[in-house]
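Following: one structure in structure tokens, then a few remarks.
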Amino acid sequence: MISIKNVQKVYSSKKGQVRAVDDVNLEITEGEIFGVIGYSGAGKSTLIRMLNGLEIPSAGTITVAERVISKIKGSDLRKARQEISMIFQHFNLLWSRTVRENISFPLEIAGVTKAERIRRVDELIKLVGLDGREDAYPSELSGGQKQRVGIARALANNPKVLLCDEATSALDPQTTDSILDLLVDINNRLGLTIVLITHEMHVIQKICHRVAVMEGGKIVELGPVLEVFKNPQQPITKRFVQQVTEPEETKETAEHLIGRYPEGKVVQLTFVGEATEQPVITNLIRHHNVTVNILQGKINQTQNGSYGSLFIHIDGESKEITKAIDFIRSQAVGVEVVTNG
Ligand code: ADP
Ligand code: MG
């Protein structure tokens, strides 16, 4: 669906040249939710803006839905853009227009008849869950509702690709989740290809199938989300993964637990993929002569399976504890003994 070949973007400024995107190669498949993560200045916005021709590459080729976006201009580019729409961090709504009028705007530009516009806008309002807010102005809406208008407007002309530039970065965590759920729903229902850029690993974890990590204009790591979580290679990727797998309080908790459980062993289990936590714990208790306490856990769901970590306390005879830990290790679960009692 999207092919990015040897793409570079160099900006000239007073301070010299900035290589915002530096020799990027990517293939994004139809129907995929593809995430690009990186810190500020990594080149994410520049990359995504080249996908709909808002920026022209300095070198290389970009093809979207069989059109060479990096080459076309004028009315061909405008036509192509109806198939590649975009949502933004700050929504970019028209403040003097109601919800209905905002969503109708791209249809007016595309020359859709009035009757058809009304029908389509009603349909879109239902799709994004804005029933009852049709006649409100953007200033009367919450952040989440504004982004729903942005999404409805972006979908108006039945695009093949939806680009999201930090679309949830201005929203609180709960609203972020509801917008991400909506994007997954749209991806499932319409088979739309979604490319999103973010600096938050939570967003990647929750909805993306694959992720590219960007640093200094380059893609430094690429893979299915679960693979990248399981086995991050680059230091920057490890830091991003830690954002979600190791919450701030984990280290403190581990230290706290050592004090609380001087006997037995405190063990941290890490689960990735299909192996879920429950059968492992059940079998551990059933087949070993130890007592098991679950102390703390965080299991996250991704589009391809779950991962997370669980702290448990195992007590009993030391020989039995060793056997129990060997058993857990045999279950394709990451095991780390936090204390030696
Ligand atoms: P990100 O979205 O990851 O924060 P950007 O793509 O916005 O990164 O920017 C990448 C680099 O390119 C930054 O160093 C930025 O300052 C520079 N840059 C972006 N747009 C321009 C521009 N129009 N002119 C000059 N430099 C730019
Ligand atoms: Mg940006």
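Considering only residues that are away from ligand 1 (no atom under 16 Å from the Cβ) and open to solvent by less than 10 Å² (accessible area, probe 1.4 Å), look in the range 43-70 and name the one that is farthest from Arg19 (Cα to Cα).
In this case the residue turns out to be Val64.
Can you confirm whether the range 187-206 contains a residue that is open to solvent by 60 Å² or more (accessible area, probe 1.4 Å), within 16 Å of ligand 2 (Cβ to nearest atom) and either of a type in the set (A, V, I, L, M) or in contact (Cβ under 8 Å) with a residue 24 or more places away in the chain (or both)?
Scanning the range 187-206, I find at least one residue that is open to solvent by 60 Å² or more (accessible area, probe 1.4 Å), within 16 Å of ligand 2 (Cβ to nearest atom) and either of a type in the set (A, V, I, L, M) or in contact (Cβ under 8 Å) with a residue 24 or more places away in the chain (or both), so the answer is yes.
Going by the structure shown, is Ser13 of a type in the set (S, T, N, Q) and within 12 Å of ligand 2 (Cβ to nearest atom)?
In short, no.
Being in contact with a helix residue (DSSP H, G or I) (Cβ under 8 Å, 6 or more places away or on another chain), assigned by TED's automatic domain parsing to the domain that holds His199 and in contact (Cβ under 8 Å) with a residue 40 or more places away in the chain is true for just one of Ser104, Ser96, Ser40. Which residue is that?
Step by step, each of Ser104, Ser96, Ser40 is checked, and only Ser104 is in contact with a helix residue (DSSP H, G or I) (Cβ under 8 Å, 6 or more places away or on another chain), assigned by TED's automatic domain parsing to the domain that holds His199 and in contact (Cβ under 8 Å) with a residue 40 or more places away in the chain.
What single numbered condition from (1) without any contact (Cβ under 8 Å) to a residue 40 or more places away in the chain; (2) open to solvent by 30 Å² or more (accessible area, probe 1.4 Å); (3) within 17 Å of Val7 (Cβ to Cβ) fails to hold for Asp23?
Result: Asp23 passes all but (1).
With respect to the numbered conditions (1) in contact (Cβ under 8 Å) with a residue 24 or more places away in the chain; (2) more than 15 Å from ligand 2 (Cβ to nearest atom); (3) open to solvent by 40 Å² or more (accessible area, probe 1.4 Å); (4) not acidic (Asp, Glu), which one is the sole condition not fulfilled by Gln174?
The single condition Gln174 does not satisfy is (1).
I'm told Gly144 meets every condition in (1) part of a loop (DSSP other than H, G, I, E, B); (2) surrounded by fewer than 21 Cβ atoms within 10 Å (Cβ to Cβ) except one. Can you identify the failing condition by its number?
(1)
With respect to the numbered conditions (1) closer than 20 Å to Gly191 by Cα; (2) surrounded by fewer than 20 Cβ atoms within 10 Å (Cβ to Cβ); (3) small (Gly, Ala, Ser), which one is the sole condition not fulfilled by Gly35?
Result: Gly35 passes all but (2).
From Glu55, Glu27, grab the single residue that is charged (D, E, K, R) and away from ligand 2 (no atom under 16 Å from the Cβ).
Glu27
Test of understanding: among Ala152, Ala156, which residue is buried (at least 22 other Cβ atoms within 10 Å of the Cβ) and touching a strand residue (DSSP E or B) at 6+ places or on another chain (Cβ under 9 Å)?
Only one candidate passes the filter, namely Ala156.
Can you report the number of residues in the range 159-204 which are within 16 Å of ligand 1 (Cβ to nearest atom) and on the phi > 0 side of the Ramachandran plot?
1
Among the candidates Asp315, Asp326, single out the residue that is among the acidic types (Asp, Glu) and touching a residue at least 40 places away in the same chain (Cβ under 8 Å).
Asp315
The values are calculated or read from the model by the stated rules, or taken from the named source; none is laboratory data. Bear in mind that the values here come from a model prediction, so they are computed numbers and not experimental data. Counting neighbours? That spans all protein chains shown, and the Cβs are built from the backbone with ideal geometry, glycine included. All accessible areas refer to the heavy atoms of the entire protein, side chains included, with ligands and DNA or RNA removed. Shrake-Rupley method; radii C 1.70, N 1.55, O 1.52, S 1.80 Å.
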